[in-house]
1. Work out how much length S186 to H55 would gain on full extension: take 0.36 nm times their residue separation and subtract the Cα-Cα distance, in nm to one decimal.
2. Does the range 49-170 come out rounded, prolate or oblate by the C-alpha gyration tensor, with a ≥ b ≥ c the root eigenvalues, rounded set by a/c under 1.5 and, if not, prolate when a/b is larger than b/c and oblate if not?
3. Indicate the gyration tensor shape class of the range 133-177 (rounded, prolate or oblate), computed on the Cα atoms with a ≥ b ≥ c the square roots of the eigenvalues: a/c under 1.5 is rounded; otherwise a/b larger than b/c is prolate and the rest oblate.
4. Counting only the backbone N, which residues of the range 73-103 are under 13 Å from the spot 7 Å out from the Cα of K67 toward its beta-carbon?
5. With every protein chain left in place and a probe of 1.4 Å, what is the accessible surface of H55, to the nearest 10 Å²?
6. Evaluate the charge dipole of the range 94-186 about its Cα centre and quote only its size in Debye, nearest 20, assuming +1 on the Cβ of each Lys and Arg and -1 on the Cβ of each Asp and Glu.
Amino acid sequence: MTTIFRKSVLSVAGLAFAGGVFAGPIAAHATPVDAKPVAVAVQTGAPKPQGEQSHIDLNGEQTANVKAIIAATKKAGLPERAAVISIATSLQESKLENLGHLGDANDHDSLGLFQQRPSSGWGTPEQITDPAYSTTAFLKGLTQVDGWQDMALTDAAQTVQVSAYPDAYAQWEQQATDLVGQHWNS
């Protein structure tokens, strides 16, 4: 049971109890009414995206990288939420482009979809520029974060990436969610 769902259930139960305690004596003297069941909506799944959202149109290479991230996530046995976090991270880091060395424009020795650095132990340049390998490396880092499933996307991504712009990942959550929804079962 997710934390959000558990808190929702406990909140509803607490309100029902409090209502019974206060309204019980009054209700005992009230005229009966024809009661009808009421539907209660309980939000489950991923949290709502935070902040203003960005969007880019994808080309064939970028779409292939989305599919590679999803395939690596499935191979690792992880849920859709892990793919959403991975794709949003890659959207921020490289716009889903498998970047090689960018010369003077490079951020140190950052490479690939996730802008991982060989000098930081992410792997060799050849490994980091392999979408399956780089995604698996990112997911390994993600699954080492306690509670990543229930964290805000930007917090989970930042814990793995340690970016100079920790809040930037949040802007890609809606597009990443849409992409996972579109390609997870294809």
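1. Contour length minus the Cα-Cα distance gives 45.0 nm.
2. Details: a/c = 1.26, a/b = 1.22, b/c = 1.03.
It is rounded, given that a/c, with a ≥ b ≥ c, falls under 1.5.
3. It is rounded, given that a/c, with a ≥ b ≥ c, falls under 1.5.
4. Counting backbone N atoms under 13 Å from the label point, the list is empty.
5. 130 Å²
6. 160 debye
The values are calculated or read from the model by the stated rules, or taken from the named source; none is laboratory data. A quick note: this is a predicted structure, and the numbers were derived from the prediction, not measured. Every residue, glycine as well, gets a Cβ built from its backbone with ideal geometry; the counts of neighbours run over all protein chains shown. Keep in mind that these areas ignore ligands, DNA and RNA; they rest on the heavy atoms of the full protein, side chains included. Shrake-Rupley method; radii C 1.70, N 1.55, O 1.52, S 1.80 Å.
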